[in-house]
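Take a look at the structure below.
The values are calculated or read from the model by the stated rules, or taken from the named source; none is laboratory data. Since the model is a prediction, treat every value here as computed from it, not as a measurement. Cβ sites come from the backbone with ideal geometry, for glycine too, and all protein chains shown count toward neighbours.
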Amino acid sequence: MISGLPGRAMVVFLSDFLEAEDNLAEKLRFSLSSRYESLCLQVLDPDEIDLPDADALRFAELEGDREVSSSPPAIRERYKSDMTGFVENLDDNLSAVSAELETLTTNQDLGYALRRFLGMRNRK
Amino acid sequence: MIEFAQPAALWTSLAIGLPLLAHMAYRRVTEKFYFPSLRFIRPSQIPRMGKRRPSDIPLLLLRILLFLVISFLLADPSWKSETLPIVENQRDEVFLAIDLSPSMAGWNGLEEAKEKALEITKEDNSNSHVGLVTFGHSTLGKVNFGQVNLNSKIENLTHDWTRGNAQVCLLKMQLLENSL
C-alpha cells in the first residue's frame, strides 16, 4: 500500500473496524514514518453503541447467515462494556503505530466531523 | 330455561385456564433486526411479555369464548319451556307390564303381580288408556280394554314354561305408546 502513496500523505480509513483489529495495527505500521499519517474514522450506527430500544430482537448478521435472539435490555450493559473495551483496545493498538482513531456515528455529519477533527489536529 | 343432559361436562369450562396460561407465558416472537456484527451480541432469555398482563386481549377473549362454547356444547344443552302442556283433554296412559316367565311361578310371584295390577286398574279413572303387555314365551301387547275385560284378562294370566324376553316387552310397549 505504501508503494502507491506519494512522498507525504495522510491516509484516512473509514470503517466500523469491528473485524480484523489484530491485523490492522500491523497494516498501518507505515504511520510510524514521519512522512505518513493515518487517521482511522470508526463509523458506527447509534444502535451499535447503545443497542436498539426493543424488548427482544432476532439479530441477523448483515454479512452472514448467523442469527441470535436476544433481549437488548438484558445484554445492554455487558454489550456496552465489551464495545468500550474493544474500542479502547483498538485505540491502544493504533496508537502504538501512531495512527489516530476517532469514533463517529452515522447520525452525525461525517464531513463536518472530519473537518472538525482535522481542525483540532492542526491546532495541536 | 336451559337444561343440560351432561352437566358434569361443564367442568371442562375450567379449561379456559389454558389460553390464559398460554397468553401469560407467551414469549414474543422476536422480529428480525439486521446488525453489522454479532460479535458482542449474546443470546439471552427472551422476556415473557405477558408476565403482568395477558397479551393480545381480543385474541385471548376469543379463545376463552371458544372453550366456553365447547364446554357448553359438551354439556348437551336443551331448552325446556316454563309453560306446562295443556292437559285438559289429554288422557292418562297406563301400561301394565307383567312378567309371565317361569320364574314368576315360584313364591306366588304371579299372583302378587296380578293383585297389584288389579289395584292399579281400580285406581285408574275412565279417561285413561290402559295397555297390557305381558311377556313369557310370547309377548302380548294390547290397549283399550274395557275395564271388565282388562280385569278378566289380568285374572286369567298364567305363567309360561319358557324364558321371557323383557327387552321385546319394552319395545312392544313403545310401539303401543306410539299407536295411541
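The listed residues are A:L101, A:L90, and the only one of them that is outside any helix (DSSP H, G or I) and either surrounded by 17 or more Cβ atoms within 10 Å (Cβ to Cβ) or within 14 Å of another protein chain (Cβ to nearest Cβ) (or both) turns out to be A:L101. For the structure I just gave you, tell me whether B:S78 is out of contact with any helix residue (DSSP H, G or I) (no Cβ under 9 Å at 6 or more places or on another chain) and either under 30 Å from A:A60 (Cβ atoms) or at pLDDT 80 or above (or both). Spelling it out, B:S78 is indeed out of contact with any helix residue (DSSP H, G or I) (no Cβ under 9 Å at 6 or more places or on another chain) and either under 30 Å from A:A60 (Cβ atoms) or at pLDDT 80 or above (or both). Figure legend. Inter-residue proximity from segment A:58-81: first residues facing chain B (nearest Cβ under 7 Å), second residues among the small types (G, A, S) and not in a helix (DSSP H, G or I), beta-carbon distance below 6 Å, spacing 6+ or different chains. Indicated pairs: A:R58/A:S69; A:S70/B:S44; A:S71/A:A56; A:S71/B:S44; A:A74/B:S44; A:I75/B:S44.
Could you pull out the residue among A:R78, A:R35 that is of a type in the set (K, R) and modelled with pLDDT under 90?
Values: A:R78 fails: modelled with pLDDT under 90.
Just a single option satisfies the conditions, and that option is A:R35.
Quick check on segment B:59-67. Is at least one of its residues in contact with a strand residue (DSSP E or B) (Cβ under 9 Å, 6 or more places away or on another chain), surrounded by 13 or more Cβ atoms within 10 Å (Cβ to Cβ) and modelled with pLDDT of 75 or more?
As a first pass, look at segment B:59-67 and keep what is in contact with a strand residue (DSSP E or B) (Cβ under 9 Å, 6 or more places away or on another chain): none.
No.
Under the condition of being of a type outside the set (G, A, S), within 14 Å of chain B (Cβ to nearest Cβ) and part of a loop (DSSP other than H, G, I, E, B), the residues counted in segment A:2-38 number 4. Out of all the residues in segment B:2-13, is one or more at pLDDT 80 or above and among the hydroxyl-bearing types (S, T, Y)? Within segment B:2-13 (the criterion being at pLDDT 80 or above and among the hydroxyl-bearing types (S, T, Y)), the answer is yes, since at least one residue qualifies.
Mind checking which residues of segment B:22-38 are at pLDDT 75 or above and exposed (fewer than 13 other Cβ atoms within 10 Å of the Cβ)?
Initially, segment B:22-38 is screened for residues at pLDDT 75 or above, giving B:22-23, B:31-38.
Result: B:E31, B:K32, B:Y34.
When segment A:48-57 is filtered for residues that are at the interface with chain B (Cβ under 7 Å from one of its Cβ atoms) and surrounded by fewer than 16 Cβ atoms within 10 Å (Cβ to Cβ), the ones remaining, listed by number, are A:P52, A:D55.
This table checks each residue for (1) in contact (Cβ under 8 Å) with a residue 40 or more places away in the chain; (2) within 19 Å of A:V12 (Cβ to Cβ); (3) out of contact with any Pro (no Cβ under 8 Å at 6 or more places or on another chain); (4) not charged (D, E, K, R).
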{"position": "A:E48", "(1), (2), (3), (4)": "no, no, no, no"}
{"position": "A:L94", "(1), (2), (3), (4)": "yes, yes, yes, yes"}
{"position": "A:A99", "(1), (2), (3), (4)": "yes, yes, yes, yes"}
{"position": "A:D109", "(1), (2), (3), (4)": "no, yes, yes, no"}
{"position": "A:F117", "(1), (2), (3), (4)": "yes, yes, yes, yes"}
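Of everything in segment A:25-82, what is among the charged types (D, E, K, R) and farther than 30 Å from B:E31 by Cα? Give them in sequence order. Lay out the reasoning, then the answer.
Kept after step one, since they are among the charged types (D, E, K, R), are these residues of segment A:25-82: A:26-27, A:29, A:35, A:37, A:45, A:47-48, A:50, A:53, A:55, A:58, A:61, A:63, A:65-67, A:76-78, A:80, A:82.
Answer for segment A:25-82, where residues must be among the charged types (D, E, K, R) and farther than 30 Å from B:E31 by Cα: A:E26, A:K27, A:R29, A:R35, A:E37.
Can you confirm whether A:L41 is more than 14 Å from chain B (Cβ to nearest Cβ) and in a helix (DSSP H, G or I)? Spelling it out, it is not the case that A:L41 is more than 14 Å from chain B (Cβ to nearest Cβ) and in a helix (DSSP H, G or I).
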